[in-house]
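What follows is a single structure, written as structure tokens, with notes after it.
The values are calculated or read from the model by the stated rules, or taken from the named source; none is laboratory data. Predicted model, so just to flag it, every value in this text is computed and none were measured. Counting neighbours? That spans all protein chains shown, and the Cβs are built from the backbone with ideal geometry, glycine included.
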Amino acid sequence: MNKIFEVPLYPYERSPDQDAAAPVRHPVVVIGAGPVGLAAAIDLVQQDVPVVVLDDNDKVSWGSRAICYAKRPLEILDRLGCGDAFVDKGVVWNLGKVYFDERQVYQFDLLPEDGHKRPAFINLQQYLFEQFLAERALALQAAGKPISLRGRNKVVSVEPGADRVALTVETPDGPYRLEADWLIACDGAASPTRNMMGLDFEGRVFEDNFLIADVIMDAGFPTERRFWFDPPFNRGQSALLHKQPDNVWRIDLQLGWDIDKEEEQKVENVVPRLKAMLGDDVDFELEWVSIYTFQCRRMEKFRHGRVLFAGDSAHLVSPFGARGANSGLQDIDNLCWKLKLVLDGKAPDSLLDSYDVERVQGADENLLNSTRSTDFITPKSKVSRLFRDAVLDLSEELPFARPLVNSGRLSVPCVHDGSPINGADATGLPARTRPGAPACDAPVGEGWLIDRLGNRFQLLAIDAPVPETVDCDGTAVETVSLSCADMPTDDLRDRYLGEAGSAVYLMRPDQHVAARWRTFDESAVAAAFRTATGHG
């Protein structure tokens, strides 16, 4: 086993809370030190919000689990101060190929345009992802930021109240009690928090099973996503191959529904399947093997009073499409700035209802796309299979059929159209940067636009005269002023102006567009700010 799984990153230490006469109250407690929980803690503590992270483990998760991380989550990691570590270590890829039987029938480029800091995707084992986030959190702690990572602290009781949440925590030294103004549950698909509160998922479980194997091998396969329908090495089923760092490769093999999971995971049964795919002459070592079943389910609501659910504790999707961890990071991106405003008394707690609205929308988009992918990959009737196979045959020669090929629609960020906190939208500006959309990157001087935005409300003024700061209900909103004439490419103009001569954007702290206008109007900006902060 890789030694990283054995080394505690945040070993158990007795905290002062365990010796307090009465339960100590914290502004925010996060349950779960996986990717989503750690991202939440980092985001909050960077805004000087004290946060306690509780986890019954003290090290990274065993197995690689999630591996594909999309462009938007990489931009979020940049905002959290640790994006370079992920991209430097990860395997960068933009290209995917689809095979039917032994023929390549289709390929796609997930980022066909230039002018973006980050690639379409990187592949990185989840244990490395968790390690980098934990190291970032511990570095912030060492720098004096108010963050506490508590390993081997297992939450065994959650008692929501009108103005606080009470917790009971088991430790090697026995139980203790503490309280939180707000609780963020990031404790995974089985979410003990969800179960303790008597809540459940709704949705669909698919009748199929997939073998997932991470193998270590020095293979000459290209760095791209390769997906097979009905390959000769797995007849009637599908297969997927992805490269990861350190010569680790992810292989997914569809097995069907009526199987013995325990038997299928045995080495003597896994190895022949892999040899049939890779060839007898390829030497490999198994790092991790498991069987999983597709699920497309979510909680009805992500906010329950002062308890907020994020990541897999709130929603589950099939892994084809890389929507799990990616959507979890976008949950946190959406939630933490709102929680900061509520804690500071600058927004009513009803602003958190917009977290529920926006991220339920995001989950529903993921569930819809994931369900469609799964239905295409695993047809449920003879007619469905005939349709799928015809689409694959036609896609080899005819472009019209290629958009119908669905080997897992890959993760893209949700545009929050219709959000209650969206403001005005001017006509004549590009649709891709409308209110509710995430910022679209572009080269700016010798850097990138995405690095100029985030962590606070800002005005983005493009060829429009705007004051350096604008007062919005006592908040000084700074302006990022840019001129297209000074840009190295036309990307900024194309993505934010279109045919318009100027534009002013109100940007949210999560780098999403709150509102936009063709010219500056102070009263309109103030009104949009009030809407975006829940006062509208």
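Remarks
- The set of residues from the stretch 144-175 being among the polar types (S, T, N, Q) and over 26 Å from the mean Cα position of the chain (by Cα) comprises S157, T168, T171.
- Helices (runs of 4 or more DSSP H) wholly inside the stretch 15-131 containing at least 2 residues that are surrounded by fewer than 18 Cβ atoms within 10 Å (Cβ to Cβ): 83-89
- Taking the listed residues G436, G454, the one that is surrounded by 18 or more Cβ atoms within 10 Å (Cβ to Cβ), in contact with a Gly (Cβ under 9 Å, 6 or more places away or on another chain) and either not assigned by TED's automatic domain parsing to the domain that holds S350 or not in a loop (DSSP other than H, G, I, E, B) (or both) is G436, with no other qualifying.
- Filtered by the rule that a residue be under 20 Å from F108 (Cα atoms) and charged (D, E, K, R), the stretch 223-238 gives E224, R225, R226, D230.
- Residues of the stretch 369-408 satisfying the condition of being touching a Lys or Arg at 6+ places or on another chain (Cβ under 7 Å) and buried (at least 18 other Cβ atoms within 10 Å of the Cβ): N369, S370, S373, F376, S395, N406
- Within the option set D48, D55, being more than 28 Å from Y292 (Cβ to Cβ) and acidic (D, E) holds for one residue only, D48.
- Out of A190, A180, sole residue that is touching a His at 6+ places or on another chain (Cβ under 6 Å), of a type outside the set (S, T, N, Q) and either buried (at least 22 other Cβ atoms within 10 Å of the Cβ) or farther than 29 Å from Y106 by Cα (or both): A180
- Residues (without any contact (Cβ under 8 Å) to a residue 12 or more places away in the chain and in contact with an Asp or Glu (Cβ under 9 Å, 6 or more places away or on another chain)) located in the stretch 389-440: A401
- Checked against the criteria, E358 counts as surrounded by 22 or more Cβ atoms within 10 Å (Cβ to Cβ) and acidic (D, E).
- If the condition is being closer than 15 Å to T479 by Cα and assigned to a helix (DSSP H, G or I), then the stretch 497-523 contributes only E522.
- With respect to the conditions (1) buried (at least 21 other Cβ atoms within 10 Å of the Cβ); (2) more than 20 Å from R150 (Cα to Cα); (3) not β-branched (V, I, T), Y10 lacks only one, and its number is (2).
- The condition (being free of Cβ contacts under 8 Å to residues at least 12 places away in the same chain and assigned by TED's automatic domain parsing to the domain that holds K338) is satisfied by just one residue among D88, D56: D88.
- Failed item in (1) more than 24 Å from T371 (Cα to Cα); (2) at pLDDT 90 or above, with R235 passing the rest: (1)
- Of the residues V504, V513, V480, V470, the single one that is out of contact with any helix residue (DSSP H, G or I) (no Cβ under 7 Å at 6 or more places or on another chain) and modelled with pLDDT of 95 or more is V504.
- Listed by position, the helices (runs of 4 or more DSSP H) inside the stretch 321-424 whose residues that are not assigned by TED's automatic domain parsing to the domain that holds R79 number at least 1 are 351-377, 382-395.
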